[in-house]
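What follows is one structure encoded as structure tokens, with my remarks underneath.
Bear in mind that the values in this text are calculations on the coordinates, not laboratory data. Predicted model, so just to flag it, every value in this text is computed and none were measured. Because the Cβ atoms are built from the backbone with ideal geometry, glycine has one as well, and the counts that use them run over all protein chains shown.
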Amino acid sequence: MPNPTTRPGALSRIMRSVVMACAAIGSAMAVEDGWTNPVLDKFPTAAVNTTGLATGDHWVTVGQLHSVTGTMAISETGSVEAERLAIKQINDMGGILGRKIKIIQEDGASDWPTFAEKAKKLLIKDKVGTVFGCWTSASRKAVLPIFEKENGMLYYPTFYEGLEASKNVIYTGQEATQQILWGLDWANKEKGAKTFFLIGSDYIWPRTSNKIARIHIEKHLKDCKVVGEEYYPLGHTNFNSLINKVKLAKPDVIYSVVVGGSNVSWYKQLKAAGITGASLAAKKQLLLTISTTEDEVRGIGGENVEGFFACMKYFQSLPNENNLKFVAAFNEMYKDKYAGKAVVGDVTQAAYLGPWLWKATVEKAGSFDIDKIAAASPDVEFTGAPEGYVKIHKNHHLWSKARIGEMMLDGQFKVLAESPELIEPNPFPEGYK
Amino acid sequence: MTAKIALALLLAASAGYSWDEIKGVMIMQGFAGLSLFSIFLLMALGLAIIFGQMKVINMAHGEFLTMGAYTTVFLSWLCESYAPGLLAWYFPVAMILAFFVAGSVGFLVEFAIIRHLYKRPLDTLLATWGLSMILQETFRQIAGARETSATMPEWLMGSLQPFEGVDIPINGIFLLGASLVLTVIVVINLYYTRSGLRVRATVMNRDMAGAVGINTRMTDRMTFALGCGIAGVAGAAFTTVGSISPSAGGLYIVDTFMVVVFGGAGSIIGTILAAFGIAQAQSVLEFFLSGVLAKVAVLLAVVFILMIRPQGLVVAKIRK
Amino acid sequence: MNTLYRSMLGGRSGLIGLAILAGLLLIVFPLLLEPFRLNMMGKYLSLAFVAIALVMCWGYGGIMSLGQGLFWGLGGYCMAAFLKLEAARNIASEAGTDQIKALSTVGLPDFMDWNQITELPWFWYPFKSFPLTLALMIVVPTVIAYIIGTAMFKRRVGGVYFAIITQALCWAMEILFVTRQGWTGGINGITDLRTLLGWDIRTPSAQSSIYFMTVVGILVCIVLGRWLLNSKFGRLLVAVRDMEDRVRFSGYDVANLKTTVFCIAAAMSAVGGAFFVLNVGFMSPKLVTIEPSIYMVIFCAVGGRMSLIGAVYGTLAVSYGRTFFSEEFPALWYFLMGSVFILVTMVFPDGLAGAATRGVPAAWRWLTRNFREPPPAPATAAVKEAQP
């Protein structure tokens, strides 16, 4: 029982026995499927699951909580697909502790109370072993108290603003400093940039990112300054006035943290106003973004973004062996949908890491118990990551590299530079508050 | 306008920009306002007919825009796959096709739903809200949840440079042209043709129009289809500047209603004036304030002006 | 006593309806539903406050507000502000936790700290006191409704114009709340609320207590609404809706009447918002914007815009339908919900209440048709007359 104060009514007791009966039938069916757990003796259910999670002798259930509908479905589709791919691969390898993974998918519907409601359902009613999910900061903030209260585990894939470290969350994307500082250094050292114009959608991630960027530019880069900072409402589609302001300010770097559907309008209108990668390069200017991945470029069209730069930890074009395998597997699994032309972005890759990191952690802990997983997470490694080697820090974020990619006509990124070392995650950066 | 120029001069002088730069930015800023105007006008024209003339609160208007946009995307994909040579010229065809696709869906919707609700105009809001959910899901099933984009012909991209430092976006000019042409077509259709006469007669006095032999049911259906078709054309035109996703329609719907209501329902001239006023105000405020505050200021200003002129800018004279 | 019985409880049939609803909410749901589902019902019911408010101002008063989320949200934000300050104080006293290490100004809500606000803004001070919070929760939305109401109704803005204006105001408020994130928590809203006056609102027992409080609130609102609508005020309201000019010519101040009902509706919605925060544990600007406001109107329409009790059923039906369809058919639930809305508007213009008042007697007659000799023709006429 997750909470000793819970006193179930008579009916829910009946419900529970019905569920148990179903579970028994389910596991019996699993055996009939020809699947027997090869390591059941070594990891008996009573030992690996002491907290009443929905885990049996042959299977373990996990939750998947993303928006399948609503405005965020656009962004979250990739994460859903990548997580399913990882889970399928893990199952094909024999599962976790000899148990196959079953997915319970819930739709957050781009609506934060719905996320909270579904998170409660997954943790209290379905008692899933872990949850892979959420995308926006707002949805994570909405479910976080529930995960902490009910002691669940969330693998969160998106790059985000930091300022958070929970026992109950593993952040597989970058926090703000991992993505921002090195990229600004690169623009300053390699491109000689001195002036920056910061642009963002109006919510916490762009604002925090730009705050960190501003402090870094003003305090840590020599002779550099911020010549403008502008925010537009989410979903805004008209940027002509902003583009004129940028033209007047003539910054060396247009630093863009515009997200979602606004991206398409922003880049199309930039191009229409004569600002392209080539025209900027001619004037020794550049556009650097931390919010545009291959996923977005697919919607924007490569011709509108050619020659702009992005700072991410992963690009689809990374030539390492892990990544080639990952992209091939992704294409194979969704060949009906994408006909071999699947587009994989930074967040999609980070979502793919979630199930694998969970597997590694469970195996290290020898248990599905949330507390043991949380405790075992620091220093868990995953050598098969498409982005290269990753490791969980004790603050539950990942050590990862930062990379600069140049956007190409075909919607892919050419990797130009890569941080030499793994960058330490630092969600509460001293001196950047 | 003069206040805008004076402010621009003041700002520029204090920041130490050269005269050429100021001039260039002023021209471009003026054009930014104009292209926002054409976007608002395109959005609102269809609704001005449906809501302004027929009093149907069509919450699915945004979805008819999206429908036109998807038609364009589909045609561009078709061209790319099967006839790359036609890619340069598919766009005008796409706009016409968008008109017929959205128009015929509108025709069906009127037949299936709207015609039962003319006596209860506020109920059309609920039914069309349901319709918009169904349409959104249909787009998602057919085209996928991700953002897509139509391949633009070369001649629509880039910018004109009349002189150094001034870039006038070609797609902006195209939008402006499209909105003006469409407005002229709508005005001619409404005010200078027999079918337009029938529409106006039905709006003014349904019973009397019926009595003199106008088929009011068919007129309603055609009017609704026309409004939806125009929304489709607008959607096709938007692919040059904006994003297309199943739920993109929701972004436009409130702005659209604001323009129509602000202009005075039932008046095309009012709609044009309202689109111009709101667009210029927003564009100027965006330049001098921030994007967020501009939006709030414009919303509040519209509310305030509507308080002073409850029937909108231009009041159509209709006997109730 | 008799008049009280008639006006507040709606006579015998009204009392039966109320008793059925109370029985369902107070006895059947708590027995049948698991704590998690019961909490969801509490969340839905906090929306029913708005639906009841809309019955009064739209169904009876003819004022369609597409921005009722504004008032609901203000009520919710007031309650959330109080709870957040309490949570911040508690974190300050639990020294040594991770959370405290992350803060530079201890005792301030976390989102203010992230936005480099080092001192509590002045308008947050009243929310340190619970009585003051409760007062503001009612007063702020009422005053805003009064301002909007007087400004609009005195100028005789009505119908769709009023609807669009309230929608615009609602949108403006959302944008403001999102952009002033140091003051309001921005798009994330005010999250991680834990205790109310030291009482942990997240435990299952607390959640079921909050559920019962919500139900009692709903029942009080219905009784209050009935009393208002059965009074002279209510009859005037209907008169204004149906023939505004005639009421005006009879010497009544129509604008005043409309403003009053609009203010009452605003206050009622605000109470719902506060209950929502207690049930769900956070508040976000996403809940205040246009889409939820339209849903609120839909709740009211599905329930039947002339029925206070119907509004509650409408809210529960639509909200539960949303949850059910999205759980069972994640890919298709938009289709299903959309079709339901269209069907309801076309087939049951008076919503569930209309279906019940017309459908149930008809079904009863059909079921008992073999036991009666002549069909009761005059009965239908009597029903017609009895309707207002």
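Could you compute Rg(Cα) / (2.2 N^0.38 Å) for the range B:51-203, with N its residue count?
The value comes to 1.26.
Spin-label point model (7 Å from Cα, Cβ direction): what's the A:Ala47 to B:Ile305 distance in nm?
So the two model labels end up 7.6 nm from each other.
If each DSSP helix of 4+ residues adds -39,500 (n - 2.57) and the sum is divided by the residues in chain A, what number results at 222 nm, nearest 500 deg cm²/dmol?
-12500 deg cm²/dmol
Which longest uninterrupted range of chain A lacks any GluC sites (Glu not before Pro) assigned by DSSP to a loop state (not H, G, I, E or B) and surrounded by at most 10 other Cβ atoms within 10 Å?
A:1-420
Seen from all sides and averaged, what is the projected area of the convex hull of the Cα atoms in the range A:206-326, in nm²?
8.6 nm²
Under 13 Å from a point 7 Å along the Cα-to-Cβ line of C:Tyr146: which residues of the range B:283-309 have their amide N that close?
Answer for the range B:283-309: none.
Find the centroid of the Cα atoms in the range A:399-433 and in the range A:76-104, then give the distance between the two in whole Å.
The range A:399-433 and the range A:76-104 have Cα centres spaced 27 Å from each other.
I'd like the antiparallel share, as a percent to the nearest 5, of DSSP beta bridges with both residues in chain A.
Of the beta bridges lying entirely in chain A, close to 30 percent run antiparallel.
When only alpha-carbon atoms are used, what values of Rg and Dmax, in angstrom, describe the protein assembly as shown?
30.0, 99
Output the Cα-based Rg and Dmax of the range B:177-320 in Å, rounding Rg to one decimal and Dmax to a whole number.
According to the Cα coordinates of the range B:177-320, Rg and Dmax are 17.4, 56 Å.
What residues have an amide H closer than 5 Å to that of A:Lys100, excluding those fewer than 5 places away on the same chain, when H is modeled at 1.01 Å from N in the peptide plane?
Here the answer is A:Trp59, A:Val60, since their amide H atoms fall under 5 Å of that of A:Lys100.
What ranking do C:Lys84, A:Lys250 get, fewest neighbouring Cβ atoms within 10 angstrom at the top?
Ascending Cβ contact count within 10 Å gives the list A:Lys250, C:Lys84.
Name the lysines eligible as straight-distance cross-link partners of A:Lys245: C-alpha to C-alpha under 19 Å, and not fewer than 8 places from it in the same chain.
Leaving aside lysines fewer than 8 places away in the same chain, those within reach of A:Lys245 are A:Lys194, A:Lys225, A:Lys268, A:Lys271, A:Lys283, A:Lys284, B:Lys4, B:Lys23, B:Lys295.
What does the charge dipole of the protein assembly as shown about its Cα centre add up to, to the nearest 20 debye, if the Cβ of each Lys and Arg holds +1 and the Cβ of each Asp and Glu holds -1?
3820 debye
Which FRET efficiency value, to the nearest 0.05, do you get for B:Leu87 and A:Asn322 by plugging their Cβ-Cβ distance into 1/(1 + (r/R0)^6) with R0 = 35 Å?
Plugging the Cβ-Cβ distance into 1/(1 + (r/R0)^6) gives 0.40.
Run the simple label-point estimate for B:Ala297 and C:Val28 please: 7 Å along Cα→C-beta, distance reported in nm.
Inter-label distance under the simple model: 5.6 nm.
Residues with beta-carbon under 10 Å from that of A:Gly98, excluding A:Gly98: net charge, scoring Lys, Arg +1 and Asp, Glu -1?
+1
Taking only C-alpha pairs under 8 Å that are 6+ residues apart, what is the relative contact order of the range A:112-205 in percent?
The normalised contact order for the range A:112-205 reaches 22 percent.
Pick from C:Ala151, C:Ala362, C:Ala311: which residue has the top mean-square fluctuation in a GNM of chain C where Cα pairs under 10 Å get a spring?
Residue with maximal mean-square fluctuation among C:Ala151, C:Ala362, C:Ala311: C:Ala362.
Across chain B, how large is the tail of the calculated P(r) beyond 25 Å, expressed as a percent of all Cα pairs?
Within chain B, distances greater than 25 Å cover 53 percent of Cα pairs.
Over 5 Å intervals from 0, what percent of Cα-Cα pairs in the range A:377-425 sits in each interval?
Cα pair-distance distribution for the range A:377-425, in percent: 5, 20, 21, 21, 14, 10, 6, 2, 0.
For chain A, what is the relative contact order in percent, using Cα pairs closer than 8 Å and at least 6 residues apart in sequence?
Relative CO of chain A lands at 17 percent.
Points 7 angstrom from Cα along the Cβ direction at B:Ile185 and A:Lys414: gap in nanometres?
The two pseudo-label positions are separated by 4.3 nm.
Just report the Cα centroid separation between the range A:123-144 and the range A:149-176, whole Å.
Spelled out, the Cα-based centre of one part sits 10 Å from the other.
Between C:Met213 and A:Asp379, what FRET efficiency comes out of the Förster formula 1/(1 + (r/R0)^6) with R0 = 56 Å and r the beta carbon distance, rounded to 0.05?
Computed FRET efficiency for A:Asp379 and C:Met213: 0.75.
To the nearest whole percent, what portion of all C-alpha pairs in the range C:2-301 is separated by more than 23 angstrom?
58 percent
If we count every other residue with Cβ under 14 angstrom of B:Met218's Cβ, Lys/Arg +1 and Asp/Glu -1, where does the sum land?
Value of the local net charge: +4.
Throw me the Rg/Rh for chain A, computed over C-alpha atoms with Kirkwood Rh, two decimals.
1.00
Among B:His61, A:His216, rank each residue by its count of other Cβ atoms within 10 Å, from fewest to most, as a rough exposure measure.
Placing the least packed residue first, the sequence is A:His216, B:His61.
So what's the range A:281-356 giving for Cα Rg divided by 2.2 N^0.38 Å, two decimals?
Ratio of Rg to 2.2 N^0.38 Å for the range A:281-356: 1.24.
Given R₀ = 60 Å, what would the calculated FRET efficiency be for B:Val315 paired with A:Lys88, taking r from the Cβ atoms and rounding to 0.05?
Working from the Cβ atoms, E equals 0.40.
With just the Cα atoms defining each centre, how far is the range B:194-239 from the range C:113-127? Give it in Å.
When both Cα centres are located, 55 Å separates them.
Once Rh is set to the Kirkwood radius over Cα pairs, what Stokes-Einstein translational diffusion coefficient, in µm²/s, holds for the range B:242-294 at a temperature of 37 °C and a viscosity of 0.692 mPa s?
268 µm²/s
List the equivalent ellipsoid semi-axes of the range B:76-138 in whole Å, largest first, each obtained as the square root of 5λ for an eigenvalue λ of the Cα gyration tensor.
35, 12, 8
Lys and Arg at +1, Asp and Glu at -1: add these up for the other residues within a Cβ distance under 15 Å of A:Lys325 and post the number.
For residues surrounding A:Lys325, the net value is -3.
Going by C-beta contacts inside 10 Å, put B:Ile49, C:Ile175 in order with the fewest on the left.
Taking fewest neighbouring Cβ atoms as first place, the list is C:Ile175, B:Ile49.
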